[in-house]
Amino acid sequence: MAIKRGVSLYSFQNETFQGKMNLEDCIRTCAEMGANGIEVIGEQTFWGWPEVGVEDAAIENWHQLIAKYDCVAVSHDFMLDYKRYKGREMPFDEQVASVRKDIDFAARLGMKYIRALVSIAPEVLVAAAPYAEEKGIKILIEVHAPLHFDHPWIIRHAEAFEKTGSNALGFLPDMGMFLHALPQVWKEKFLRVGVPKPIADYIEKAYADRVLSEYVILNVQQMGGVGPAIAMAETLRHNAAFEPKRMLDYMPRIHNIHGKFYEMTAGPNAGEYVEPSIPYDEIVAVLQQGGYDGYICSEYEGNRWIEDAMEPDSVEQVRRQQVMLATLLGEPAPQLLNAA
């Protein structure tokens with residue numbers, strides 16, 4: 001089985017919020033790109049979730065659209081509001097009940113997986129696993145920067161998952177943990193909000209040189225950096241360039257991939273696109289080596305870095321990533337929409 005292409009509708013958050021794209025627009029656009037795996041965040045796609053129930057008509061509309069465009073429901077990315085109560089965490093039993101509620105919702109949508117935020121304790125997921133098994137759904141903890149597969153918190157999850165022996169527990173790696181260069185859209189945003197160019201240049205090079213973030217923050221302070229400059233330096237604490245090959249040891253429990261990207265730019269050859277900050281050629285090669293046959297779902301997050309200066313074109317950005325993924329996977333590149 002080959003790796004498949006999909007899209008997280010989170011990528012279209014700007015267009016969805018502004019009313020420029022409805023659910024059918026999103027699904028149709030993904031299908032036109034040959035990316036037939038659809039991933040959602042319930043709160044974004046279904047009004048009122050999770051505070052109020054989603055009406056059967058909305059669920060039926062979802063299934064009709066998935067069938068109409070020959071797509072596949074892949075994952076419901078759920079949240080767990082364990083800080084719902086002021087001054088204390090949600091009790092354990094309520095956390096498990098909340099996860100079970102999302103399992104039920106994912107089952108109504110025909111999803112195979114639910115994405116768990118990395119902050120959720122492994123004990124909660126282990127307790128919910130038998131119910132997930134009953135519903136035929138896998139719970140996937142998202143491995144998201146600054147965490148990685150050698151982080152103690154992720155190792156704790158891995159050990160708990162193995163101890164249960166349950167196949168309903170796994171991982172969803174976010175490709176943002178392989179950020180090998182500071183994204184230019186980040187740097188440009190910080191320049192717009194007042195970071196002096198010499199400081200921005202220094203931070204960019206320090207990231208490339210893997211200088212310890214605490215030293216970078218201190219050096220920026222000594223360079224006279226304040227406010228936005230410190231904030232730019234702080235981004236180094238939350239991002240890192242981990243090694244894609246570390247996924248190989250966890251491949252039996254990896255069932256979905258977040259294809260995080262910040263900007264797709266023109267590649268060295270005509271019609272090619274690249275993500276300059278994330279080495280997708282290496283990533284895809286590792287996934288293929290490990291026999292991964294799930295979806296890589298595009299997850300565009302560059303919009304928040306440019307919306308102060310221009311209108312994001314999320315569809316075009318996702319299209320470009322899908323062209324890149326298709327090329328890396330040996331598929332014909334999709335040609336559609338406002339193809340450049």
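Identify the residues of the range 223-260 with backbone N under 15 Å of a label point that sits 7 angstrom from the Cα of Asp209 along the Cα-to-Cβ direction, or state none.
223
How long is the gain from Gln289 to Asp25 if the chain were fully straight, where each residue apart is worth 0.36 nm and the alpha carbon distance is subtracted?
Additional length available on full extension: 91.6 nm.
So, with +1 on the Cβ of K and R and -1 on the Cβ of D and E, and no other charges, what is the size of the charge dipole of the chain about its Cα centre, to the nearest 20 debye?
In debye, rounded to 20, the chain gives about 420.
Under a GNM of the chain (C-alpha, springs under 10 Å), which listed residue has the highest mean-square fluctuation: Ile155, Ile283, Ile257?
Per the Cα network of the chain with a 10 Å cutoff, Ile155 tops the list.
For the range 262-340 and the range 63-82, compute the distance between their C-alpha centroids and round to whole Å.
21 Å
For the pair His63 and Lys245, how long in nm is the line joining their label points, each one 7 Å along Cα→Cβ?
4.7 nm
Taking a ≥ b ≥ c as the square roots of the eigenvalues of the Cα gyration tensor of the range 37-126, is the shape rounded (a/c under 1.5), prolate (a/b larger than b/c) or oblate? Walk me through the numbers on the way to the answer.
Details: a/c = 2.69, a/b = 1.91, b/c = 1.41.
Here the range 37-126 falls in the prolate category.
So what's the gap between the Cα centers of the range 110-149 and the range 1-62, to the nearest angstrom?
20 Å
Take every DSSP beta bridge whose two residues both sit in the chain, then give the antiparallel share in percent to the nearest 5. It would help to have the intermediate numbers written out before the result.
Details: 3 of 35 bridges.
In the chain, DSSP labels about 10 percent of beta bridges as antiparallel.
At Glu55 and Met310, where each label point lies 7 Å from the Cα along Cα→Cβ, what is the point-to-point distance in nanometres?
Roughly 4.0 nm, to one decimal.
Beyond a 19 Å Cα-Cα separation, which of these cross-linked pairs lie in this structure: Lys101/Lys138; Lys138/Lys163; Lys20/Lys101; Lys112/Lys135; Lys112/Lys163; Lys101/Lys135? Working shown, then result.
Numbers: Lys101/Lys138 14 Å; Lys138/Lys163 16 Å; Lys20/Lys101 30 Å; Lys112/Lys135 9 Å; Lys112/Lys163 23 Å; Lys101/Lys135 12 Å.
Pairs exceeding the cut-off: Lys20/Lys101; Lys112/Lys163.
Computed from the coordinates by the stated procedures, all read-outs in this text should not be read as laboratory data. Quick caveat, the model's predicted, so the values are computed rather than measured. FYI the Cβ positions are ideal-geometry reconstructions off the backbone, even for glycines, and counts take in every protein chain you see.
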